[in-house]
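Single-structure report; data block below.
Values in this text are rule-based calculations from the coordinates and carry no lab data. Quick caveat: nothing in here was measured; it's all calculated off a predicted structure. Cβ placement follows ideal geometry from the backbone for every residue including glycine, while neighbour counts extend to all protein chains displayed.
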Amino acid sequence: MRYECKVCAWIYDPENPPEGVEVDTAFEELPEDFICPECGATKEEFVVEE
Ligand SMILES: [Zn+2]
């Protein structure tokens with residue numbers, strides 16, 4: 001499942017994750033201190049992409 005940053009619209013895609021994250025890591029499995037690589041928003045700012 002893909003998640004979208006509400007702040008900047010960056011998409012977290014488990015099939016193409018940012019550097020430092022293993023492919024196929026679900027968003028829920030990311031560490032609590034994960035932040036949006038574009039704008040620095042916290043996980044709480046992400047929503048499921050529709
Ligand atoms: Zn963002």
Of Pro14, Pro37, the only residue that is surrounded by 13 or more Cβ atoms within 10 Å (Cβ to Cβ), in contact with a Ser or Thr (Cβ under 7 Å, 6 or more places away or on another chain) and touching a residue at least 12 places away in the same chain (Cβ under 8 Å) is Pro14
Which residues, counting only those in region 29-46, are within 17 Å of Met1 (Cβ to Cβ) and over 9 Å from the mean Cα position of the chain (by Cα)?
Glu29, Glu44, Glu45
